[in-house]
Amino acid sequence: MKEALNAIRQQAEQLIHAAQDMKEVDALRVRFLGKKGELTAILKQMGKLSAEERPVIGQLANEIRTNIENAIAARNEELKAAQLTAQLESERLDVTMPGKRHPLGKKHPLTLVLDEIKEIFLGMGFDIAQGPEVELDYYNFEALNIPKNHPARDTQDTFYINDNVLLRTQTSPVQIRVMEKQRPPIRVIAPGRVYRSDAVDATHSPLFHQIEGLVVDKGVTMADLKGTLEIFVKRLYGEDTVVRFRPHHFPFTEPSAELDIQCFACHGEGCRLCKGEGWIELLGCGMVHPKVLEICNVDPEEYSGFAFGMGLERIVMRRFGIDDLRLFFENDLRFLDQF
Ligand code: DAH
């Protein structure tokens, strides 16, 4: 019996030591120490022993039980520690490794400058208005005092969809749409895409952007127009910018003017940038024609207003020294990344 017990001890210790996980260790505990385990099975035969042998074997059996229990506890500790080490190893983080770069998008140069322009007008109490790019002839021309066969239609090579529907050639139709919906006081700018059937070159594109402005209220005068636009230009180009208003003609304003800024490269001397003019044309403007007010059911005896319109691309080209308009629409990252 002694031998059998010693054999159990030896085998148990060997197997426990070799166990690879705690489940295996527990299975061994059941196998050797459990109610139906090998050690218990031997102890059940103790009745057959003589009175002298019994305490000796009993003591040995207890000793072996303690031994096996200790071996189990020790192996469990070892396995736990190994598991922790493995876990820590797998979660190891090398903070000196280079990070993964996520390419950052940027605002398009047209958006950058448009945001600036919006900010200036929002600061003066203007709201932002919008209108459709697929527009009715009525809003794009008729209501703006440009009847069929009016020569002004020739200068704007229009994409017609049918006799009454077209791609807007200017943002001015938004003036009409705003006045139809909203009673004065009105103070809005309307930025957006416009379309003209132009061949593509360094200064022309069939799609470009305009920013329209409209102010209608009681007692609005040309002085308000000049003051507002002068503040706008100085905020955009700097306090020392020199502006001039030059008489012009638009069908939907009377009187009409164009606003020029003195060339910032040559200060009026005439150079390559201003094509020898000394001045750079920036926008068209004027007092809203009484006919246009009437068409929108705004009484010209009670209300007056001014309007203006400018092209975004030319402003942005001058700002960044861009000499080819096509760059705006080609989505070349080497260009877009520079802003
Ligand atoms: N719509 C004109 C154009 O495309 C620009 C313009 C001129 C707009 C005078 C206006 C204005 O509102 O008052 O050439």
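Residues whose amide H lies under 5 Å from that of Ala257, counting only those 5 or more places away or on a different chain, are His248, Cys285, Gly286; hydrogens are built 1.01 Å from N in the peptide plane. Note on Asp157: accessible area is roughly 70 Å² with a 1.4 Å probe, heavy atoms of protein only.
Using helices alone, I'd like the mean residue ellipticity at 222 nm for the chain: each DSSP H run of four-plus residues gives -39500 (n - 2.57), total over residue count, nearest 500.
On the way: 11 runs with 136 residues, N = 339.
It lands at -12500 deg cm²/dmol.
Please give the contour-minus-distance gain from Arg193 to Glu3: 0.36 nm per residue of separation, less the Cα-Cα distance, rounded to one decimal in nm. Don't skip to the answer; put the middle values down first.
Numbers: separation 190, 0.36 × 190 = 68.40 nm, distance 9.92 nm.
In short, 58.5 nm is gained.
Positive end of the dipole of segment 295-339 (Cβ unit charges, origin at the Cα centre): among Phe329, Ala307, Ile295, the Cα lying farthest that way belongs to Phe329.
With all protein chains present and a 1.4 Å probe, how do Phe208, Phe159 order by accessible area, largest first? Walk me through the intermediate numbers first.
On the way: Phe208 40, Phe159 75 Å².
Heavy-atom accessible area, descending, gives Phe159, Phe208.
Under the criterion of Cα pairs below 8 Å and six or more residues apart, the relative contact order for the chain equals 14 percent.
When both segment 68-122 and segment 243-258 are represented by their alpha-carbon centers, they are found 61 Å apart.
Label-to-label distance, Lys35 versus Phe335, with points set 7 angstrom from Cα along the beta-carbon direction: 8.6 nm.
Can you pull the percent of segment 25-177's accessible area that's carbon plus sulfur, 1.4 Å probe, other chains left in place? If you can, show how the numbers build up before the last one.
Values: 5350 of 9760 Å².
Carbon and sulfur: 55 percent of the exposed surface of segment 25-177.
Let's see if you can work this out: charge +1 on each Lys and Arg Cβ, -1 on each Asp and Glu Cβ, no other charges. What is the dipole magnitude of the chain about its Cα centre, in debye to the nearest 20? Before the final figure, lay out each step's value.
On the way: 42 positive and 51 negative charges, 366 e Å.
I would put it at about 1760 debye.
Compared with the alpha-carbon gap, the fully stretched path from Phe320 to Asn62 is longer by 83.6 nm at 0.36 nm per residue. Amide H contacts of His209 (H built 1.01 Å from N, in plane; Pro and chain starts excluded): Val194, Leu312, Glu313 sit under 5 Å, all sequence-distant by 5 or more or on other chains. Rounded to the nearest 10 degrees, the inclination of helix 2-18 to the longest alpha-carbon principal axis of the chain is 10 degrees.
Is the C-alpha gyration tensor of segment 199-258 telling us rounded, prolate or oblate? Criteria: a/c under 1.5 is rounded; beyond that, a/b larger than b/c is prolate, otherwise oblate. List each step's numbers first, then the result.
On the way: a/c = 2.06, a/b = 1.37, b/c = 1.50.
Since a/c reaches 1.5 but b/c is at least a/b, the shape of segment 199-258 is classed as oblate.
Computed with a 1.4 Å probe on the full set of protein chains, the accessible area for Lys148 sits at about 110 Å².
Rolling a 1.4 Å probe over the protein heavy atoms gives segment 231-319 an accessible area of 49 Å² per residue.
Note on the chain: GNM, Cα springs under 10 Å; of Gly284, Gly99, Gly276, the largest mean-square fluctuation is that of Gly99. As a length-normalised measure over Cα pairs under 8 Å and 6 or more apart, the relative contact order of segment 60-210 settles at 20 percent. Alpha-carbon geometry of segment 80-149: the Rg and the Dmax are 29.5, 92 Å, given in that order. Considering only Ile117, Asn145, Gln130, and ranking their Cα positions along the charge dipole of segment 115-157 that arises from unit charges at the beta-carbon of Lys, Arg, Asp and Glu, the one farthest toward the positive end is Asn145.
The 3J(HN,Hα) values that the Karplus relation (6.51, -1.76, 1.60; θ = phi - 60°) gives for segment 196-209 are, in residue order, 9, 6, 9, 6, 6, 8, 5, 10, 10, 8, x, 10, 8, 10 Hz. Gly and Pro appear as x. Please give the helix 109-123 orientation as an angle from the longest Cα principal axis of the chain, in degrees from 0 to 90, rounded to the nearest 10. Once rounded, the angle reads 70 degrees.
For Glu116 and Lys218, calculate 0.36 nm times their separation in residues minus their Cα-Cα distance, and state this gained length in nm to one decimal.
Details: separation 102, 0.36 × 102 = 36.72 nm, distance 2.88 nm.
Result: 33.8 nm gained on full extension.
Comparing mean-square fluctuations of Glu24, Glu180, Glu258 from a GNM of the chain with C-alpha springs under 10 Å, the top value falls on Glu24. In the assembled protein chains, Arg9 presents an accessible area of approximately 60 Å² (probe radius 1.4 Å). Largest GNM mean-square fluctuation among Ser197, Ser256, Ser50, using the chain with Cα springs under 10 Å: Ser50.
The C-alpha atoms of the chain define a longest principal axis, and helix 222-237 lies at about 40 degrees to it. Look at the alpha carbon pairs under 8 Å that are at least 6 residues apart: their mean separation over the length of segment 160-274 gives a relative contact order of 16 percent.
The values are calculated or read from the model by the stated rules, or taken from the named source; none is laboratory data. Because the structure is predicted, anything quoted here is derived from the model rather than measured. Glycine gets a Cβ as well: all are built from the backbone with ideal geometry, and neighbour counts include every protein chain shown. The accessibility values were calculated without ligands, DNA or RNA, using every heavy atom of the protein model including side chains. Shrake-Rupley method; radii C 1.70, N 1.55, O 1.52, S 1.80 Å.
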